[in-house]
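Q: Quick one: the structure is below, and I'll ask about it shortly.
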Amino acid sequence: MIEIRPAEPADLSAIAALDARLTGQAKAVYWQDMLARYAGGPPERHFLVAETSRGVLVGFVAGEVRAWEFGQPPAGWVFAIQVDPRQRLKGAGSALFDALAARFKAQGVTHVRTLIDRKDHLILSFFRAQGMTAGPSLQLDKVL
Amino acid sequence: MKLQTATRLGLYAILELARDPNRTLSAAELGERFGVSTHSLAKVLGTLSAAGFVQGGRGASGGYRFTGNRRRITLMDIVALFEPAPGRRAKEPGEDTEIGSALQRVLTEIDEIAEATLRSVSLETMLRRPN
């Protein structure tokens, strides 16, 4: 049984360790800053964790309602989502996404958005399975 | 995006069969459902069968059923059976010129976005939330 709850400062080590294991890059300072700004921060910011009935953290999601980013009306943005591979396909990712979407909806927005590496088919498939489709924007890059 | 006829028929057939893996449908029944020729569908079903996504066959009246994993098979898995892979297509005349290579970069960008989209949509996703 997976429980979703707001993240707390004490979750930092488990969040940073899970992310480092999945991405191969340690970013403890980044996650410390994210937790400081999103966990218990302004009401439009959300940082949620998924944990087992034994209290083991198996995933997290962070997002925020932002207005007029790139000229778009207010929408909920998903900035990060990670689930322990051993717990995947058990509903933790969907539960995190649904919980974040419910919070966005409660704040009055009608759309949820994210940005994904187009070569990361795993995460693309996950968001597609949540019902997400191509949005109104195209991301553009230029090498400087 | 324009798909070859065989690709479109392959997607129709696999999605219809995957809706109910216990159900068996013949090429004729599938052809009637989508208003396409039984002959074309029989060839497509042969390709899907060789790839292990469906089982059955033997003649136009033989039935097929879905034998794959709806959560694992993506639209790209089916498209790749019928369309040339972007990296494997033959070089077009003029592609080595400055204009040709600039145009090719744009076309490659489009191919990459299309491939990412097709790889991200599983049969399960299609059948649960038809877009």
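Q: For the range A:24-47, name all the residues that are β-branched (V, I, T) and either surrounded by 13 or more Cβ atoms within 10 Å (Cβ to Cβ) or within 11 Å of A:P6 (Cα to Cα) (or both).
A: If we filter the range A:24-47 for residues that are β-branched (V, I, T), which is where we start, we get A:29.
Scanning the range A:24-47 gives no hits.
Q: Let me ask something else about it. Do the conditions hold for A:W77, that is, is it under 16 Å from the mean Cα position of the chain (by Cα) and aromatic (F, W, Y)? Full working, then the answer.
A: On the way: under 16 Å from the mean Cα position of the chain (by Cα): yes; aromatic (F, W, Y): yes.
When the stated conditions are applied, A:W77 passes them.
Q: Next question, about the same structure. When the range A:87-118 is examined, which residues are found to be within 13 Å of chain B (Cβ to nearest Cβ), under 15 Å from the mean Cα position of the chain (by Cα) and of a type in the set (A, V, I, L, M, F, W, C)?
A: Those that are within 13 Å of chain B (Cβ to nearest Cβ), under 15 Å from the mean Cα position of the chain (by Cα) and of a type in the set (A, V, I, L, M, F, W, C): A:L115, A:I116.
Q: Can you tell me which residues in the range B:94-131 are part of a loop (DSSP other than H, G, I, E, B), touching a helix residue (DSSP H, G or I) at 6+ places or on another chain (Cβ under 8 Å) and more than 7 Å from chain A (Cβ to nearest Cβ)?
A: As a first pass, look at the range B:94-131 and keep what is part of a loop (DSSP other than H, G, I, E, B): B:94-97, B:121, B:129-131.
Right, trim to touching a helix residue (DSSP H, G or I) at 6+ places or on another chain (Cβ under 8 Å) and you get B:94-95, B:121.
The answer is B:G94, B:E95.
Q: Next question. Would you please name the residue that is farthest from the other protein chains (Cβ to nearest Cβ), looking only at residues in the range B:83-93 that are among the small types (G, A, S) and not in a helix (DSSP H, G or I)? Walk me through how you get there before you give the answer.
A: Let us first name the residues in the range B:83-93 that are among the small types (G, A, S), namely B:85, B:87, B:90.
After this cut, where a residue has to be not in a helix (DSSP H, G or I) as well, the list is B:85, B:90.
Numbers: B:A85: 15, B:A90: 25 Å.
The extreme case among them is B:A90.
Q: Which of the residues that make up the range B:71-97 are surrounded by 15 or more Cβ atoms within 10 Å (Cβ to Cβ) and either at pLDDT below 95 or under 20 Å from B:D111 (Cβ atoms) (or both)? Steps first, answer last, please.
A: Applying the first criterion (surrounded by 15 or more Cβ atoms within 10 Å (Cβ to Cβ)) to the range B:71-97 yields B:73-83.
Passing the criteria: B:T74, B:L75, B:M76, B:D77, B:I78, B:V79, B:A80, B:L81, B:F82, B:E83.
Q: Starting from the range A:130-142, take each residue that is in a loop (DSSP other than H, G, I, E, B) and list its partners that are among the small types (G, A, S), counting only C-beta distances under 7 angstrom and pairs at least six apart or across chains.
A: Cβ pairs passing all conditions: A:Q130/A:S94.
Q: Listed residues A:V65, A:V109, A:V78; which is in contact with a strand residue (DSSP E or B) (Cβ under 7 Å, 6 or more places away or on another chain) and assigned to a loop (DSSP other than H, G, I, E, B)? Can you show your working first?
A: On the way: A:V65 fails: assigned to a loop (DSSP other than H, G, I, E, B); A:V78 fails: assigned to a loop (DSSP other than H, G, I, E, B).
Within the list A:V65, A:V109, A:V78, the selection yields A:V109.
Q: Answer yes or no as to whether B:A13 is assigned to a helix (DSSP H, G or I), closer than 16 Å to B:F82 by Cα, in contact with a helix residue (DSSP H, G or I) (Cβ under 7 Å, 6 or more places away or on another chain) and among the small types (G, A, S). Quick ask: steps written out before the conclusion?
A: Values: assigned to a helix (DSSP H, G or I): yes; closer than 16 Å to B:F82 by Cα: yes; in contact with a helix residue (DSSP H, G or I) (Cβ under 7 Å, 6 or more places away or on another chain): yes; among the small types (G, A, S): yes.
So B:A13 fits the description; yes.
Q: Quick one: in the range B:98-115, which of the residues that are without any contact (Cβ under 8 Å) to a residue 60 or more places away in the chain and within 17 Å of B:T7 (Cα to Cα) is surrounded by the most Cβ atoms within 10 Å (Cβ to Cβ)? First the steps, then the outcome.
A: Start the filter on the range B:98-115 by keeping residues that are without any contact (Cβ under 8 Å) to a residue 60 or more places away in the chain, which leaves B:98-113, B:115.
Of the ones still in play, those that are also within 17 Å of B:T7 (Cα to Cα) are B:111, B:115.
Values: B:D111: 16, B:E115: 18.
Going through the qualifying residues, I end up with B:E115.
Q: Just checking, does the range B:36-48 include any residue being at pLDDT 90 or above, in a loop (DSSP other than H, G, I, E, B) and more than 14 Å from chain A (Cβ to nearest Cβ)? So that I can check it myself, show each step before the final result.
A: Restricting attention to the range B:36-48, the residues satisfying the condition of being at pLDDT 90 or above are B:36-48.
Next, from what is left, pick out any that are in a loop (DSSP other than H, G, I, E, B): B:36-37.
If we keep only those that are more than 14 Å from chain A (Cβ to nearest Cβ) as well, we get B:36-37.
Yes, the conditions are met somewhere in the range B:36-48.
Q: Output yes when any residue across the range A:12-35 is hydrophobic (A, V, I, L, M, F, W, C), modelled with pLDDT of 95 or more and in contact with a Pro (Cβ under 9 Å, 6 or more places away or on another chain), and no when none is.
A: no
Q: Still on this structure, I have one more. Answer with yes or no whether A:H121 is over 24 Å from A:A17 (Cβ atoms), more than 14 Å from every other protein chain (Cβ to nearest Cβ) and either surrounded by fewer than 21 Cβ atoms within 10 Å (Cβ to Cβ) or at pLDDT below 95 (or both).
A: Details: over 24 Å from A:A17 (Cβ atoms): yes; more than 14 Å from every other protein chain (Cβ to nearest Cβ): no; either surrounded by fewer than 21 Cβ atoms within 10 Å (Cβ to Cβ) or at pLDDT below 95 (or both): yes.
No.
The values are calculated or read from the model by the stated rules, or taken from the named source; none is laboratory data. Computed from a prediction, not measured in an experiment: that's the story for all the values here. Because the Cβ atoms are built from the backbone with ideal geometry, glycine has one as well, and the counts that use them run over all protein chains shown.
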